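A.B. asks: Quick one: structure below, then a few questions.
The values are calculated or read from the model by the stated rules, or taken from the named source; none is laboratory data. Since the model is a prediction, treat every value here as computed from it, not as a measurement. Heads up, the Cβs are rebuilt from the backbone with ideal geometry, glycines too, and the neighbour counts pull from every protein chain shown. Protein only, heavy atoms only, side chains kept; ligands, DNA and RNA dropped before computing areas. Shrake-Rupley method; radii C 1.70, N 1.55, O 1.52, S 1.80 Å.
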Amino acid sequence: MSNHSIIRITKELADIQRSSDLSLAVACRDVDVRNVKAIIIGPSDSPYEFGFFEFAVKFGKDYPGKAPSVQSTTTNGGRCRFNPNIYAQGKVCLSILGTWRGERGEEWSSAQGVESILISIQSLMSSNPYENEPGFETANDENDKKNQRDYVAKIRHETLRITVIQRLEEYLGISPSGIVLPQSRGSGYDSEDDDRDNDRDFEESSVNFEPFKDLCKRRFLWYYDSYLLAISKAKLEVKDGQQFTRMPFECTGNCMEGKFNYTELERRLNFIKKTLDTETERWATEGLVIKKREGTAAANLQRQFEQVVEAYKRDKNVTLTIELVDKNPFVWDITYFGRPMTNLDGGLFKIKLFFSPHFPDEQPRARFETQLFHHRIAPDGTPCYTTKRVEDAKSHIEAIIAALEEEHPPYDPRTMVNPEAAKLFWGSPEDKKMYNRKLRRAVQRSMEE
């Protein structure tokens, strides 16, 4: 592969990583930019909503003159076809990739790139994917309408079961029987034993490249209530044990078959949430062990804590205090005072910030201890925020406050982690008034707690 190709690919990946688009992510091993993993978060208001769809992108030596090859790897082991254009064997049918005949002008050109490919794939994940099948674009008789509803219903079920639940269970070591298997220790412990095993660990990590593990865990916490809401709505439409309907364009070996079982999905979803909460709490215990060993992770967080405390003492625009919980640099207790002349004025909000032993490879998890009705704060207190400086603890605090204080945010369903609050915030003028009343009541209660 020429230097020009490598430079082009590297720039494209960096542009996506710097982008504010919450629905796309890419990663590759440092030693091999030709083989890229990409993930698409399913669009809202579609049966793919907030699912995690992964793809393997392989660049040839003649890129960008020729399109890369793209394979879907979220197929339940080659058993699930998620879209008329995304086959169970992983093939992605797009004219831009040269895997499907298209109209003149739809073929690949060197002006396109990874992002345009991912956006094209994402566009297939529509509210009515039935019409993606060639010849079915305008199919609209009564039988087609029933098929459209049935197709959406089974995609929604399998999006939850395969792309969300199975993926998170694998990440968390949850066995089919519902038992959490012991997780291997990571480098955060800084033990001499781990140092002696560096070479072996490097070889294992080269095989088990899972760049989206932390992203999917964080997004699960954001969208947990949306998943539950989708299940409650689906239970009104289908019954447990009901067979999926086969579509006219599906065939043996390239279809989506199975039965609905939302009761079981709900149980598994709740267990994942419980396991993630336990994992977060375990970071505190592991952190004390690392501190006792005087590990580098503990020293780094202790230093950042001291710097952040001093920085906010000098900052006259934000009023907050930060303390360590039990002198543990892996758990920060933040008290934020609502900014005057805003809806948060007069409020006192307590936030816990948990750091992983593997920070910054794993981002911290925040939780509002003060109950607050806000479209960017999930009912369990998880705030929806992003920062580009993941290694900087202060940037996480700044991003949380920015998300909390933003009064006129752009409409983005991917940031709406409290379904009830979001519905009011983005509803009618009367709904918005109700939202503000509920928010103000929560702010007033915060001073009484």
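A.B. asks: Which residue is surrounded by the most Cβ atoms within 10 Å (Cβ to Cβ), if the candidates are limited to region 292-301 and must be of a type outside the set (Gly, Ala, Ser) and more than 15 Å from SER356 (Cβ to Cβ)? Give the steps one after another, and end with the answer.
C.D. replies: To start, the set of residues in region 292-301 that are of a type outside the set (Gly, Ala, Ser) comprises 292-294, 296, 300-301.
Pick out the ones that are also more than 15 Å from SER356 (Cβ to Cβ) and you get 292-294.
Numbers: LYS292: 9, ARG293: 14, GLU294: 9.
Looking at the filtered set, the residue picked out is ARG293.
A.B. asks: Suppose we keep only residues that are within 23 Å of the chain's Cα centre (by Cα), surrounded by fewer than 14 Cβ atoms within 10 Å (Cβ to Cβ) and touching a residue at least 24 places away in the same chain (Cβ under 8 Å) within region 1-18. Which one would you say is farthest from TYR411 (Cα to Cα)?
C.D. replies: Ranking the candidates gives ASP15 first.
A.B. asks: With GLN307, GLN242, GLN302 as the choices, which residue is in the same structural domain as TYR48 (by the TED database) and polar (S, T, N, Q)?
C.D. replies: Numbers: GLN307 fails: in the same structural domain as TYR48 (by the TED database); GLN302 fails: in the same structural domain as TYR48 (by the TED database).
Exactly one residue qualifies, and that residue is GLN242.
A.B. asks: Here's another thing I want to ask about it. Of a type in the set (Asp, Glu), surrounded by fewer than 18 Cβ atoms within 10 Å (Cβ to Cβ), touching a residue at least 24 places away in the same chain (Cβ under 8 Å) and in contact with a Gly (Cβ under 8 Å, 6 or more places away or on another chain): which single residue out of ASP326, ASP345 fits that description?
C.D. replies: Numbers: ASP326 fails: in contact with a Gly (Cβ under 8 Å, 6 or more places away or on another chain).
One residue alone meets the criteria, ASP345.
A.B. asks: Every residue in region 64-120 that is under 24 Å from ARG161 (Cα atoms), out of contact with any strand residue (DSSP E or B) (no Cβ under 6 Å at 6 or more places or on another chain) and β-branched (Val, Ile, Thr), please.
C.D. replies: The answer is THR75, ILE119.
A.B. asks: Of the residues PHE59, PHE53, which single one is of a type outside the set (A, V, I, L, M) and either under 21 Å from the mean Cα position of the chain (by Cα) or at positive phi (or both)? Write out each step before concluding.
C.D. replies: Working: PHE59 fails: either under 21 Å from the mean Cα position of the chain (by Cα) or at positive phi (or both).
One residue alone meets the criteria, PHE53.
A.B. asks: Looking at this structure, is THR382 of a type in the set (Ser, Thr, Tyr), within 18 Å of TYR435 (Cβ to Cβ) and open to solvent by less than 50 Å² (accessible area, probe 1.4 Å)? Before the answer, list the steps.
C.D. replies: On the way: of a type in the set (Ser, Thr, Tyr): yes; within 18 Å of TYR435 (Cβ to Cβ): no; open to solvent by less than 50 Å² (accessible area, probe 1.4 Å): yes.
Criteria not met by THR382.
A.B. asks: Of the residues PRO329, PRO364, only one is within 23 Å of ARG18 (Cβ to Cβ) and of a type outside the set (Asp, Glu); which? Before the answer, list the steps.
C.D. replies: On the way: PRO329 fails: within 23 Å of ARG18 (Cβ to Cβ).
Exactly one of PRO329, PRO364 is within 23 Å of ARG18 (Cβ to Cβ) and of a type outside the set (Asp, Glu), namely PRO364.
A.B. asks: Considering only residues of region 84-106 that are out of contact with any Cys (no Cβ under 8 Å at 6 or more places or on another chain) and of a type in the set (Gly, Ala, Ser), which is least open to solvent (accessible area, probe 1.4 Å)?
C.D. replies: Among residues in region 84-106 that are out of contact with any Cys (no Cβ under 8 Å at 6 or more places or on another chain) and of a type in the set (Gly, Ala, Ser), the one least open to solvent (accessible area, probe 1.4 Å) is GLY90.
A.B. asks: So how many residues does region 413-430 have that are in a loop (DSSP other than H, G, I, E, B), open to solvent by 30 Å² or more (accessible area, probe 1.4 Å) and not small (Gly, Ala, Ser)?
C.D. replies: Within region 413-430, the first condition is being in a loop (DSSP other than H, G, I, E, B), and the residues that meet it are 416-418, 426-428.
Applying the additional criterion that residues be open to solvent by 30 Å² or more (accessible area, probe 1.4 Å) yields 426-428.
Restricting the remaining residues to those that are not small (Gly, Ala, Ser) gives 426.
Of the residues in that region, 1 qualify.
A.B. asks: Another question about this same structure. Out of curiosity, is SER205 among the small types (Gly, Ala, Ser), surrounded by 11 or more Cβ atoms within 10 Å (Cβ to Cβ) and modelled with pLDDT of 90 or more? Steps first, please.
C.D. replies: On the way: among the small types (Gly, Ala, Ser): yes; surrounded by 11 or more Cβ atoms within 10 Å (Cβ to Cβ): yes; modelled with pLDDT of 90 or more: no.
Considered against the rule, which asks whether it is among the small types (Gly, Ala, Ser), surrounded by 11 or more Cβ atoms within 10 Å (Cβ to Cβ) and modelled with pLDDT of 90 or more, SER205 comes out as no.
A.B. asks: Scan region 431-449 for residues that are open to solvent by less than 20 Å² (accessible area, probe 1.4 Å) and not small (Gly, Ala, Ser) and report the count.
C.D. replies: Going through region 431-449 one residue at a time, the tally reaches 3.
A.B. asks: Name the one entry in SER110, SER127 that is surrounded by fewer than 19 Cβ atoms within 10 Å (Cβ to Cβ), modelled with pLDDT of 95 or more and not in a helix (DSSP H, G or I).
C.D. replies: Numbers: SER110 fails: modelled with pLDDT of 95 or more.
Result: SER127 is the single residue among SER110, SER127 that is surrounded by fewer than 19 Cβ atoms within 10 Å (Cβ to Cβ), modelled with pLDDT of 95 or more and not in a helix (DSSP H, G or I).
A.B. asks: Additional query: What are the pairs, 6+ residues apart or on separate chains, where a residue within region 268-296 that is in a helix (DSSP H, G or I) has its Cβ under 6 Å from a residue that is surrounded by fewer than 20 Cβ atoms within 10 Å (Cβ to Cβ) and of a type in the set (Asp, Glu)?
C.D. replies: Once the first residue is in a helix (DSSP H, G or I) and sits in region 268-296, its partners that are surrounded by fewer than 20 Cβ atoms within 10 Å (Cβ to Cβ) and of a type in the set (Asp, Glu) give THR296/ASP190.
A.B. asks: Here's something else I'd like to know. Does region 37-49 hold any residues that are open to solvent by 10 Å² or more (accessible area, probe 1.4 Å) and either without any contact (Cβ under 8 Å) to a residue 40 or more places away in the chain or part of a strand (DSSP E or B) (or both), and which are they?
C.D. replies: LYS37
A.B. asks: Taking ARG81 as the residue in question, decide whether it is farther than 30 Å from THR280 by Cα, open to solvent by 60 Å² or more (accessible area, probe 1.4 Å) and more than 18 Å from the chain's Cα centre (by Cα). Steps first, please.
C.D. replies: Values: farther than 30 Å from THR280 by Cα: yes; open to solvent by 60 Å² or more (accessible area, probe 1.4 Å): no; more than 18 Å from the chain's Cα centre (by Cα): yes.
When the stated conditions are applied, ARG81 does not pass them.
A.B. asks: Quick one: which residue in THR278, THR321, THR335 is in contact with a strand residue (DSSP E or B) (Cβ under 6 Å, 6 or more places away or on another chain) and more than 30 Å from LEU424 (Cβ to Cβ)?
C.D. replies: Working: THR278 fails: in contact with a strand residue (DSSP E or B) (Cβ under 6 Å, 6 or more places away or on another chain); THR335 fails: more than 30 Å from LEU424 (Cβ to Cβ).
Result of the check over THR278, THR321, THR335: THR321.
A.B. asks: Of the residues LEU353, LEU404, which single one is part of a helix (DSSP H, G or I), in contact with a Pro (Cβ under 9 Å, 6 or more places away or on another chain) and of a type in the set (A, V, I, L, M, F, W, C)? Explain how you work it out, then say what you get.
C.D. replies: Values: LEU353 fails: part of a helix (DSSP H, G or I).
That would be LEU404, the only listed residue that is part of a helix (DSSP H, G or I), in contact with a Pro (Cβ under 9 Å, 6 or more places away or on another chain) and of a type in the set (A, V, I, L, M, F, W, C).
A.B. asks: What about THR138, is it in the same structural domain as GLU170 (by the TED database), without any contact (Cβ under 8 Å) to a residue 40 or more places away in the chain and surrounded by 14 or more Cβ atoms within 10 Å (Cβ to Cβ)? Give the steps one after another, and end with the answer.
C.D. replies: Working: in the same structural domain as GLU170 (by the TED database): yes; without any contact (Cβ under 8 Å) to a residue 40 or more places away in the chain: yes; surrounded by 14 or more Cβ atoms within 10 Å (Cβ to Cβ): no.
Against the criterion (in the same structural domain as GLU170 (by the TED database), without any contact (Cβ under 8 Å) to a residue 40 or more places away in the chain and surrounded by 14 or more Cβ atoms within 10 Å (Cβ to Cβ)), THR138 does not qualify.
A.B. asks: Output the residues belonging to region 50-73 that are open to solvent by 60 Å² or more (accessible area, probe 1.4 Å) and outside any strand (DSSP E or B).
C.D. replies: The initial filter retains those residues of region 50-73 that are open to solvent by 60 Å² or more (accessible area, probe 1.4 Å), namely 58, 61-62, 65-66, 69, 71, 73.
Listed by number, the residues that qualify are LYS61, ASP62, GLY65, LYS66, THR73.
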